[in-house]
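All remarks here apply to the structure that follows.
The values are calculated or read from the model by the stated rules, or taken from the named source; none is laboratory data. Model, not experiment: these values are computed from the prediction. Cβ: placed from backbone, ideal geometry, glycine included. Neighbour counts: every protein chain shown.
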């Protein structure tokens, strides 16, 4: 039998094939075990290295503490003085920042107060201007009421409008200036005429020619009056 035939017969033999597969499987298992052994060795070595590093760090810390304890007391005192100086400087810096913050808060509060005051002043100014434009209309309504027949519907309509306007003005703080049985006051009254009379004392208001009004305790329009001399 030739050599090639013998090899083919041996290869085709089922028993030989099974043995070969078993050998390959055993070889794979052995490689896997060797790999696991190497990984375990690496882990152990890494743990030992970490433990050695920690031990070295602790030794270094112990050496530093010993060096500090063995250091010259004068140097330690100097170092303490330097640290105290740095702490004092930081305290002063923090105090400066705190003062700046407090000043900023105070400036902002003053600014907000000033803005609110300006807004209030502008609002008050515009309201006064509008009310001053309404007063002549109110005067004309009162003249119409005086000249109308008090029994017709027109009088009642004008009276209702007059009442509504007066109500709105009162809600805004507008009040009539009293003149009846009042002594002349240049702050609230304006004399258009002085009359000699025995019925009134000197300086008393005899007649009101035009109503005056105040707006939130400020004279909006003085009353035009006739005064006894």
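So here's what we get for this one:
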{"item": "Test: residue in the range 168-180 that is assigned to a strand (DSSP E or B), farther than 15 Å from residue 131 by Cβ and in contact with a strand residue (DSSP E or B) (Cβ under 6 Å, 6 or more places away or on another chain)", "result": "no"}
{"item": "Qualifying residue in the range 148-166 (condition: under 17 Å from residue 216 (Cβ atoms), more than 40 Å from the chain's Cα centre (by Cα) and in a helix (DSSP H, G or I))", "result": "yes"}
{"item": "Which numbered condition residue 96 misses (of (1) at pLDDT 90 or above; (2) surrounded by fewer than 12 Cβ atoms within 10 Å (Cβ to Cβ); (3) closer than 23 Å to residue 210 by Cα)", "result": "(3)"}
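Residue-wise test of (1) surrounded by 13 or more Cβ atoms within 10 Å (Cβ to Cβ); (2) under 23 Å from residue 133 (Cβ atoms); (3) within 51 Å of the chain's Cα centre (by Cα); (4) at pLDDT below 95.
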residue	(1), (2), (3), (4)
182	yes, no, no, yes
194	yes, no, no, yes
197	yes, no, no, yes
200	yes, no, no, yes
205	yes, no, no, yes
209	yes, yes, no, yes
217	no, yes, yes, yes
221	yes, yes, yes, yes
